[in-house]
Amino acid sequence: MTKILLAYYGDDFTGSTDALEFITRAGAKAVLFTEPPTAEQLKSFPNLDAYGVAGKTRALPPEEMEQLLLPAFEQMKANGAEHVHYKVCSTFDSSPTVGSIGKAIDCGTTVFKNKIIPVLGGSPSLGRYCLYGNLFARMGIGSNGKIYRLDRHPSMSKHPITPADESDLRLHLGKQTTKKFGLINILQLDKPVAEWSSAIEADEEVILIDALYESQLLKIGEWVDGLNNNTQFSVGGSGIEAALGNYWNEKGLLQQKTAWSKIEKANPLLVLSGSCSPVTKKQIEYAVANGFIEVPLEMKIFEGEAGHGFSMQTDVTSIITALKQNQNVVVHTGNISGIEQSESAYLLGSTLGHIAKTVCSMIKLKRVVIAGGDTSSYAARAMEIDAVEMIVPVVSGAPLCKAYSSNKNVDGLEVNFKGGQVGGEDYFGFF
């Protein structure tokens, strides 16, 4: 095995493929697993430079996060990675009770014992900009949407589970951990990297880093890499992969990859969406207006002797019939409401994943697209996906990947996992 430069744990599946894209673009041989891999599993992928774990912590309470993260981080440390990154959504979706990034920071500190934990606030290529600690986000990744301060963002301020009510990431994350925050601000970035640490006070443990331009990532990568002491823990969006990748390209550790094969359209295409984002809603409407067969997921409420509840259902036969007639199909959860927020990601994601697995057992598909960060983690597991490897970039943050699975009907399937904010209106038509 080659030395593992980077291992990361993603808080959901779409965010994990986002990080996979940026480190693969930098030239790393990288694979994304659905569970923390053992050393033996890593050996089955020769010459691996980096790997990720597609977690589901963004939808979990802190106590359940801790149960997953502590052993996962210990496993990553044992595998000998030089850097371990807790990869969060680029809009830092979290709260003290759901998907707490502060809890992840506490777990990382417990395992890796670094004196400083860097947190990269911006991911410029995704339209996420951090200035003086405040996060701004473009409406729609890979689009020309307007840029809003996070707490005034039309989508993120109305997120169904973790609505953004604070743009200053130090205050936002400060509600989730007792650790003291420092800041390397936008002006400090212009100074030599050797001077950055002078901006840090002795009692500051978590250091937020501003980012406005992609050109700043090279110096950020140099600073983060310079902190490395055995295994350096960091937090942030895929800007971490971009920053370290840029620096490792500069050092000659990796050779940037720029040539990619052309994507040929899949016919037919199956799209499954668990996203509540207005961006995805417009994409579904556009797809249906341009010939996609729409199959809304339905919630059936029942009452009986054993109590009452509900189930998710859809007409799989109609999906199969449409696909066999080479018609593209989009299955979505847009009409579902009234589910407990803590259960929605698991219920909707698992249902969509089981639909995909069932369809793949009945018809040979080339490609499946799954939309929705919170639901994708559960959908991928329900599909029995063990790992994915990037094939080609599509829209920044949502690459096309090849699935590895013990299920022969899923193994080799091309999959695209996209977050709710990713892409323009014609996104699904691209595939």
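Listed by first and then second residue, the pairs with beta-carbon distance under 7 Å, at least 6 apart or on different chains, first residue in segment 45-74 and without any contact (Cβ under 8 Å) to a residue 40 or more places away in the chain, second surrounded by 19 or more Cβ atoms within 10 Å (Cβ to Cβ) and part of a helix (DSSP H, G or I), are 68/57; 74/111.
Okay, residues lined up against (1) more than 18 Å from the chain's Cα centre (by Cα); (2) touching a residue at least 12 places away in the same chain (Cβ under 8 Å); (3) part of a loop (DSSP other than H, G, I, E, B); (4) surrounded by fewer than 18 Cβ atoms within 10 Å (Cβ to Cβ):
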site: 387; (1), (2), (3), (4): no, yes, no, no
site: 390; (1), (2), (3), (4): no, yes, no, no
site: 393; (1), (2), (3), (4): no, yes, no, yes
site: 400; (1), (2), (3), (4): no, yes, no, no
site: 404; (1), (2), (3), (4): yes, yes, no, no
site: 417; (1), (2), (3), (4): no, yes, no, no
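When residue 271 is tested against the conditions (1) in a strand (DSSP E or B); (2) under 21 Å from residue 10 (Cα atoms), the lone failure is (2).
For segment 53-97, the set of residues classified as of a type in the set (Phe, Trp, Tyr) and part of a helix (DSSP H, G or I) consists of 73 only.
Quick grid of which residues meet (1) modelled with pLDDT under 95; (2) touching a Gly at 6+ places or on another chain (Cβ under 9 Å):
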residue	(1), (2)
374	yes, yes
381	yes, yes
391	no, no
402	no, yes
414	no, no
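Answer yes if at least one residue in segment 114-135 is among the β-branched types (Val, Ile, Thr), outside any strand (DSSP E or B) and modelled with pLDDT of 95 or more, and no otherwise. So far as segment 114-135 goes, yes, one or more of its residues are among the β-branched types (Val, Ile, Thr), outside any strand (DSSP E or B) and modelled with pLDDT of 95 or more. Looking across 174, 121, one residue alone is at negative phi, in contact with a Cys (Cβ under 6 Å, 6 or more places away or on another chain) and in the same structural domain as residue 216 (by TED's automatic domain parsing). It is 121. Applying the set (1) within 27 Å of residue 274 (Cβ to Cβ); (2) more than 15 Å from the chain's Cα centre (by Cα) to residue 41 leaves exactly one unmet item: (1).
Scanning segment 113-132 for residues that are more than 18 Å from the chain's Cα centre (by Cα) and buried (at least 20 other Cβ atoms within 10 Å of the Cβ) gives 117, 118, 130. Only one entry in 38, 91, 97 is closer than 22 Å to residue 171 by Cβ, β-branched (Val, Ile, Thr) and surrounded by fewer than 18 Cβ atoms within 10 Å (Cβ to Cβ), namely 97.
The values are calculated or read from the model by the stated rules, or taken from the named source; none is laboratory data. None of these values were measured; they are calculated from a predicted model. Note that each Cβ is placed from the backbone with ideal geometry, even for glycine, and that neighbours are counted across all protein chains shown.
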